1. Please go through (1) without any contact (Cβ under 8 Å) to a residue 24 or more places away in the chain; (2) touching a helix residue (DSSP H, G or I) at 6+ places or on another chain (Cβ under 7 Å) for Gln50 and return the number of the only condition it doesn't satisfy.
2. When residues of segment 143-184 are filtered for being closer than 16 Å to Val224 by Cα and small (Gly, Ala, Ser), how many remain?
3. Quick one: Arg179 ticks every box in (1) open to solvent by less than 20 Å² (accessible area, probe 1.4 Å); (2) closer than 16 Å to Val139 by Cβ except a single one, so which number is it?
4. Can we say Ala171 is within 8 Å of the ligand (Cβ to nearest atom), at pLDDT 95 or above and assigned by TED's automatic domain parsing to the domain that holds Val140?
5. Give segment 198-214 a look and list any residue that's within 29 Å of the chain's Cα centre (by Cα) and either open to solvent by less than 70 Å² (accessible area, probe 1.4 Å) or within 10 Å of the ligand (Cβ to nearest atom) (or both), or say none.
6. So Tyr243 clears everything in (1) away from the ligand (no atom under 16 Å from the Cβ); (2) open to solvent by 40 Å² or more (accessible area, probe 1.4 Å); (3) among the hydroxyl-bearing types (Ser, Thr, Tyr) except one condition, right? Which one?
7. Determine, yes or no, whether Ala192 is surrounded by 16 or more Cβ atoms within 10 Å (Cβ to Cβ), more than 10 Å from the ligand (Cβ to nearest atom) and at pLDDT below 95.
8. Restricted to segment 8-58, and to residues that are aliphatic (A, V, I, L, M) and open to solvent by 60 Å² or more (accessible area, probe 1.4 Å), which residue is modelled with the lowest pLDDT?
Amino acid sequence: MEHTDTDFGLSRLLCEWYDTHKRDLPWRHSRDPYIIWISEIILQQTRVAQGLDYFNRFVERFPDIRSLAEASEDEVLKYWQGLGYYSRARNLHAAARFMETHYEARFPQTYQEVRALKGIGDYTAAAIVSFAWNLPYAVVDGNVYRVLARFFGIDTPIDTGAGKKYFAELAQRLLPPKRAGLHNQAMMELGALQCVPQTPNCTLCPLADACVAYANETVSLLPVKQGRTKSRDRFFHYFYILYKGKTFLQKRVGKDIWKGLYEFPLIETNEACEWPELSRTHEFERLFSGISKLTWQSTSPLYKHVLSHQTLYTTFYQLEINEAGELPHGFHMIPTEDLDQYAIPRLIQKYLDSLVGNMK
Ligand code: SF4
């Protein structure tokens with residue numbers, strides 16, 4: 001796409017607005033690509049208000065590439081606990097290790113090299129190189145899709161290959177090379193604060209005079225999405241097993257959610273299943289074989305936990321055993337008071353919090 005006369009006029013309006021309306025966020029005071037990288041990955045997980053705490057704790061403990069590279073994966077996951085999408089934390093760690101080995105613990109200086117790092121896609125690479133070094137790469141995130149779709153009145157679905165390509169080219173065309181970082185941040189901030197998903201107050205918008213969706217009253221219809229990916233239901237049964245002040249955890253491995261996090265012994269079933277049925281399953285027998293006395297103590301309410309593309313229906317059973325027996329390979333027996341030293345999924349944390357709440 002060629003530049004038109006109005007392209008950089010739009011950028012000027014955005015940057016003037018940004019100058020007076022931008023939020024004062026800690027990572028905006030830095031042009032260190034490491035700080036920008038961490039903040040961007042955290043903000044892909046959560047809202048700014050919650051992300052701030054995570055960001056501050058994370059960069060305090062891991063202030064640079066080297067400290068992150070030299071930490072254990074368990075510790076990195078612990079600092080990530082509660083944010084979800086743990087593969088992103090593992091990728092951060094792997095990319096830091098790669099940079100330590102191949103780039104003397106510094107960020108590589110080109111878009112292509114940054115883009116090649118583990119866990120860094122087009123958006124994050126463009127954010128890092130434009131915010132840190134003002135390189136002319138346009139960012140396209142959810143905020144940018146929304147602003148562009150509305151301002152230009154584009155109804156091409158944003159979740160198709162053709163739509164992604166079209167918006168990426170448009171965003172690139174609008175980018176003034178000399179103030180790439182500022183323009184990118186201004187566009188994203190307008191989407192985050194002004195051109196919000198639900199009922200933006202267009203009368204306050206600096207782009208209102210030329211906004212196609214505002215003029216055509218199609219703001220609420222844009223951007224268009226083609227369709228959602230079907231979600232699948234899973235049924236988890238966790239066993240919080242108590243044995244002389246200790247309990248049992250295993251580390252999740254394999255290609256599934258929460259890889260690298262710790263969890264209680266788990267049985268997954270294909271459909272909803274109550275205790276009598278569950279206790280007769282082959283998996284249950286295998287898990288508790290070798291234990292002569294097992295006392296059921298409580299069953300939690302059903303937890304519904306929605307992740308992208310799957311919904312987990314989970315029940316926790318608290319059980320007591322009188323001998324450790326021979327629990328299957330891979331279980332760690334740990335004192336219950338040490339549970340908070342392990343990175344565990346937020347769902348399990350919620351359950352543990354409810355036990356503390358019940359005791360109060
Ligand atoms: S006028 Fe309204 S729809 Fe158009 S860019 Fe501004 S906030 Fe978004």
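1. (2)
2. 6
3. (1)
4. When the stated conditions are applied, Ala171 does not pass them.
5. Residues satisfying the conditions are Thr199, Pro200, Asn201.
6. Only one criterion is unmet by Tyr243, namely (2).
7. Here the answer is yes, as Ala192 does meet what is asked.
8. Ala49
The values are calculated or read from the model by the stated rules, or taken from the named source; none is laboratory data. Note that the structure is predicted; figures quoted are calculated from it, not measured. Neighbour counts run over all protein chains shown; Cβ positions are idealised from the backbone, glycine included. Calculation scope for accessible area: heavy atoms of the full protein, side chains included, ligands and nucleic acids excluded. Shrake-Rupley method; radii C 1.70, N 1.55, O 1.52, S 1.80 Å.
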